[in-house]
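Heads up, the thing below is written out as structure tokens.
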Amino acid sequence: MSKVYVEDLSKHVGQEVRLHGWLYNKRSSGKIRFLLLRDGTGVVQGVMAKGAVADATFELFDQLTQESSFSLSGKVRKDDRAPGGFELDVTGMEIIHVAKEYPITPKEHGVEFLADRRHLWLRSARQHAIMRVRHRIIKAIRDFFDDRGFTLVDSPILTPAACEGTSTLFETPYFDLGSAFLTQSGQLYAEAGAMALGKVYCFGPTFRAEKSKTRRHLTEFWMVEPEVAFNDLNDNMDLAEEFLEYIVQSVLRDRAPELKTLERDVTKLQNVKRPFPRVSYDEAVEILHKRGIAFEWGNDLGGTDETVVSENFDRPVMVHRYPAAVKAFYMKRDPANAKVALAVDVLAPEGYGEIIGGSQREDDYDLLLARIDEQKLPREAFDWYLDLRRFGSVPHSGFGLGVERTVSWICGLDHVRETIAFPRMIYRLTP
RNA sequence: UCCGCGGUAGCUCAAUGGUGGAGCAUCCGGCUGUUAACCGGAGGGUUGUAGGUUCGAAUCCUACCCGCGGAGCCA
């Protein structure tokens, strides 16, 4: 008898197969009994009628508790009544482990209760779907860059100092060298990589010790950061929109059942095609003023400001040329207007906010050094970074995409805590 | 750090000054096509903690603890 997974049942109609999994739920109508087997690839209902299986097998049903592990053998039957399209007429069952009373019932639960049991919560259909979409997004990210000649250059997680000098970092003792900090961005290292390999990306976890308490923040999150030598801001925006289109269309193509489980309105995702609207910060401020928002030129866009701007478009919008004062020291100023930086943020639709932040980098040694001094950053820490402007400096650009915010947007979630298996937040370090 | 909301059965909630309830989960019984199955029955409580007001507090007051959401910061 062949050992199969639920997702492959369509290839075994009429055959006797064996499945291994966990009890998702069971129902009984006396002499006919139904059990839902979950194996990680899907859920299938096994049907047992008294008399059709050995009495000993029929009675095993009573011992099975929710999430008990067991194997089921039976004949695969196509059945339009089944949500997955197939059912199993059970011929045999073997219990592997009888689960203790399972805390997550098929009814509603609060976020704290579920978060405390995140290791079990992952077994439920919704979380399963989110993890599958997340994985597809990450695969799309890697495929996109790999297919376009980028080289993966991983940046260090332990770093000697702040990359941007603004965020609060996690600090840890580091032998005789004092303190190390968990990275908040791999960008500076990616720039070094781009000068060596042309087109690179780094992809890893990043850490922010800020006490943010919102639906868009985690203290540990994943970020992918491409960096390309000889790309200017426009090239950077071209890359960003092609990238996002590729991710969204890949998920739409390969994860339709999961999006359905999540009850995601996919028509909103189908719009995500090039070209994306590009508005300058000045134009974004105009949009805000037209909506009656008292926004002062020079400020950064807040969460609600971003939502208002993005509501004007049916796909991600790229806002470029922000006031230099609110942006990082390494961003190049616009030659046409020294007050603004050649920066771009990509705002996701439906109020999901900033999912990409990027810029053309300052490639002039003297200007970069002046910025470092202006922001009172320690020169020594950036000496290696300045080397990139001493030895064959070139125009270059890149951006960072926040994986969790992207997953949250594509899945239509209301909080990023569900986008990663074990979220780390200000008041949560477990499980 | 600031602002707002909340904490009652294992879970989700009701009870707003007068005998703490319901649904689900658990246990027992019934049902040959159930889809968060359904029907009948049972057990299950120091109402977050400490103090105060009152004849009487889940309910009103004070402090603290914990959580949630938002702001700032950012992806």
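The values are calculated or read from the model by the stated rules, or taken from the named source; none is laboratory data. Please read all numbers here as calculations on a predicted model, not as lab measurements. In this analysis, Cβ positions are derived from the backbone assuming ideal geometry, glycine residues included, and neighbour counts consider all displayed protein chains. Each accessible area value is taken on the protein alone, full model and side chains, heavy atoms only, with ligands, DNA and RNA left out. Shrake-Rupley method; radii C 1.70, N 1.55, O 1.52, S 1.80 Å.
Odds and ends about this structure:
- Any hit, segment A:210-220, residues being away from RNA strand B (no atom under 11 Å from the Cβ), assigned by TED's automatic domain parsing to the domain that holds A:PRO395 and touching a Phe, Trp or Tyr at 6+ places or on another chain (Cβ under 8 Å): no
- Criterion (surrounded by fewer than 18 Cβ atoms within 10 Å (Cβ to Cβ) and in contact (Cβ under 8 Å) with a residue 60 or more places away in the chain) met by exactly one of A:HIS396, A:HIS415: A:HIS415
- Count of segment A:418-431 residues, restricted to those that are open to solvent by 30 Å² or more (accessible area, probe 1.4 Å) and outside any loop (DSSP other than H, G, I, E, B), is 2.
- Test: residue in segment A:177-186 that is within 13 Å of RNA strand B (Cβ to nearest atom) and either open to solvent by 60 Å² or more (accessible area, probe 1.4 Å) or out of contact with any Phe, Trp or Tyr (no Cβ under 9 Å at 6 or more places or on another chain) (or both): yes
- Qualifying helices (runs of 4 or more DSSP H) (wholly inside segment A:55-150; at least 2 residues being open to solvent by 60 Å² or more (accessible area, probe 1.4 Å), closer than 20 Å to A:THR406 by Cβ and in contact (Cβ under 8 Å) with a residue 60 or more places away in the chain): A:125-147
- Filter result (within 26 Å of A:PRO160 (Cβ to Cβ), basic (Lys, Arg) and within 14 Å of RNA strand B (Cβ to nearest atom)) within segment A:385-431: A:ARG424
- Top-ranked residue in segment A:1-39 [being among the small types (Gly, Ala, Ser) and surrounded by fewer than 14 Cβ atoms within 10 Å (Cβ to Cβ); ranked as nearest to A:LYS75 (Cα to Cα)]: A:GLY14
- Flag for A:VAL394 being assigned by TED's automatic domain parsing to the domain that holds A:THR214, assigned to a strand (DSSP E or B) and not polar (S, T, N, Q): no
- Flag if A:THR168 is in contact (Cβ under 8 Å) with a residue 40 or more places away in the chain, within 16 Å of RNA strand B (Cβ to nearest atom) and not assigned by TED's automatic domain parsing to the domain that holds A:ASP39: yes
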